[in-house]
1. Looking at (1) in a loop (DSSP other than H, G, I, E, B); (2) over 22 Å from H285 (Cβ atoms), find the lone condition where N52 falls short.
2. Residues that are open to solvent by 30 Å² or more (accessible area, probe 1.4 Å) and within 16 Å of I308 (Cα to Cα): does the range 347-356 have at least one?
3. Have a look at M356, M413, M404, M409 and point out the one that is within 27 Å of the chain's Cα centre (by Cα), hydrophobic (A, V, I, L, M, F, W, C) and on the phi > 0 side of the Ramachandran plot.
4. With a cut-off of at least 3 residues that are at pLDDT 95 or above and of a type in the set (S, T, Y), name the helices (runs of 4 or more DSSP H) lying wholly within the range 159-278.
5. Six or more apart or on different chains, Cβ atoms under 8 Å: show the pairs whose first residue is in the range 105-116 and under 20 Å from K54 (Cβ atoms) and whose second is part of a strand (DSSP E or B) and open to solvent by 60 Å² or more (accessible area, probe 1.4 Å).
6. Could you figure out which of (1) among the β-branched types (V, I, T); (2) more than 15 Å from I137 (Cα to Cα); (3) touching a strand residue (DSSP E or B) at 6+ places or on another chain (Cβ under 6 Å) isn't true of T34?
7. All but one of (1) part of a loop (DSSP other than H, G, I, E, B); (2) within 15 Å of L75 (Cβ to Cβ); (3) touching a Phe, Trp or Tyr at 6+ places or on another chain (Cβ under 8 Å) hold for E101; state the number of the condition that does not hold.
8. Say we look at the range 183-198 and pick out the residues that are of a type outside the set (S, T, Y) and in contact (Cβ under 8 Å) with a residue 40 or more places away in the chain; which of these is most open to solvent (accessible area, probe 1.4 Å)?
Amino acid sequence: VCVVCETIPDDPDPRVAWVGVRDSRKALSMMASTFYGNPSREIRLVGVTGTNGKTTIATLLHQLHALLGYRAGLLSTVQVLIGDEPFPATHTTPDPVRINEYLRKMVDRGCDYCFMEVSSHAIDQERTGALQFAGGIFTNLTHDHLDYHRDFREYLTVKKRFFDGLPEEAFALVNNDDKYASVMLQNCRAGKHSYGMKSVSDFKGRIGEMHLEGSSLLINGSEVWVRLPGFFNASNLLAVYGASVLLGHRPGDLLKALSRLDPVTGRFETCLSASGVTGIVDYAHTPDALSNILESIRQVIPAGAKLITVVGAGGNRDTKKRPVMARIAAEASHLAILTSDNPRFEDPEKILDDMMEGITGDMMDRTMRIADRRQAIRTACMIAEQGDIILVAGKGHEKYQEIMGERIMFDDMEILKKNMN
C-alpha cells in the first residue's frame with residue numbers, strides 16, 4: 001500500500017502511496033518508534049558502545065539492577081532479556097523494528113530500565129536513530145570492523161555520532177583511559193562524566209589484589225571484592241558503577257551488588273580439571289581484547305606454570321589484524337596454537353598463512369598451527385599439566401562455527417571440558 005524510498009520512480013504505480021525521504025534508514029527508525037508508541041520515552045534506556053566490553057557492561061548492568069530489585073531489559077550480542085525471560089539474539093544491535101518491538105514489550109511488562117549494546121553498524125545504519133537514550137557509555141576504540149568501515153577515522157566518526165545525538169538531560173560516561181574519550185564528548189550536549197583505572201576521573205578505580213577467582217577493587221576509595229578477575233573487568237565494573245550512580249542509585253547499595261555479580265557467559269569463563277588445569281574461554285577477537293586478557297592471566301598464573309593460548313581469526317573480515325593477533329598470542333604465551341575461528345567462505349589454511357606472518361624469530365619455537373579447532377583445543381589439553389592455564393579465545397558464547405555458509409554446532413567450553421583430564 002505504501003513505499004517509502006529515497007528516489008521515487010518516474011512512472012510510479014498510482015495504486016500505491018509513494019513517500020520520498022532523504023534517508024530511508026532514518027525514516028524506518030522513526031516509523032518503527034512511532035508504530036510502537038515511542039517506547040524508548042517510557043523506559044530509561046542506556047546504550048553501551050566501543051570496541052570491547054559492550055556485552056559485559058550491558059549484561060552486568062542488567063544483572064545489577066535485578067539485584068537492586070528493579071525489572072530491566074537487555075539487548076546484547078549474547079541474548080535479549082525482558083526481565084528474566086530470554087529471547088535469542090541475532091545481532092549485537094537488532095534492526096529498528098525489532099528494537100522497538102522489544103522495548104514496547106519491556107515497557108508493557110513493567111521494566112524500568114533497558115541496557116543495550118550499540119554497535120558501529122547500528123549507528124551507521126540509523127537503527128538507533130529515533131531512540132531516546134537516558135545515557136551512553138563509551139568503553140574504548142581499537143581497530144575493528146575495518147571490513148565494513150572504509151578506515152579507522154570513519155569508524156571513530158560513526159561512534160562519535162552516538163554521543164552527538166544524546167539529549168541534554170542524558171549522561172555521557174566515557175573511559176578516560178582511552179585516548180579517544182575526549183573526541184566522543186566534543187559535540188555532546190549530555191552531562192559529561194568519566195571513569196578510569198589510570199586517569200584522573202569522576203569514577204576512579206584501582207586493583208588491590210587479583211586472583212583467578214576475582215579481584216579486590218577500590219572505587220573512589222571504597223573497597224569491594226568482585227568475582228570478575230582482570231584489569232579489563234575492573235574497568236568494565238567501574239563503568240557499571242558509574243552509570244548506576246548517574247541513574248540515581250546509592251553508592252553503598254551499588255558496592256554490595258557489585259560483589260554479587262557473576263561473570264558473563266563466554267567472557268573470562270573458567271573451568272578447572274581434576275588434574276589442576278584451568279581452562280578459560282573468552283570472546284577476545286580483536287588485538288586489544290586478546291592483549292588485555294593475556295596480560296590479566298599473566299598477572300595471576302602460578303610460578304612455573306605454562307599459559308597455552310588457542311586463537312584464530314575470522315574469515316571474510318579485516319585481514320590486517322590476523323598477524324597482529326598471532327604475534328600477541330605468541331609473545332604472551334608459553335605456547336600459542338593458531339587455529340580456525342569462523343572461516344566463513346575462506347580457506348582456513350589461508351587465514352593461518354596470514355596469521356603466521358606475525359610470527360618471527362624465536363616465536364616459531366612456541367607456535368603451532370592446527371586448522372581444525374577441535375583438534376587444536378584437544379592438543380592444548382594433552383600438553384597442559386597441573387597449574388597450567390589454557391585460554392581458548394575468539395568465540396566465547398558462540399555455539400557454532402561458520403564454514404562455507406553453514407553453521408556447525410561448536411561450543412568451546414564444552415569441547416574444553418570434554419578434553420581436560
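The values are calculated or read from the model by the stated rules, or taken from the named source; none is laboratory data. Quick caveat, the model's predicted, so the values are computed rather than measured. Note that each Cβ is placed from the backbone with ideal geometry, even for glycine, and that neighbours are counted across all protein chains shown. Remember, those area values only see protein heavy atoms, side chains included, never the ligands or the DNA or RNA. Shrake-Rupley method; radii C 1.70, N 1.55, O 1.52, S 1.80 Å.
1. Checking N52 against (1) in a loop (DSSP other than H, G, I, E, B); (2) over 22 Å from H285 (Cβ atoms), the one that fails is (2).
2. no
3. M404
4. Where helices (runs of 4 or more DSSP H) fall fully within the range 159-278 and carry at least 3 residues being at pLDDT 95 or above and of a type in the set (S, T, Y), they are 231-246.
5. Listed by first residue and then by second, the contacts come to Y113/R44; C114/R44.
6. (3)
7. Exception for E101: condition (1).
8. Kept after step one, since they are of a type outside the set (S, T, Y), are these residues of the range 183-198: 183-193, 196-198.
Then drop every residue that is not in contact (Cβ under 8 Å) with a residue 40 or more places away in the chain, which leaves 184, 190-191, 193, 196-197.
Working: M184: 0, A190: 7, G191: 27, H193: 54, G196: 0, M197: 18 Å².
Applying the filter and picking the extreme gives H193.
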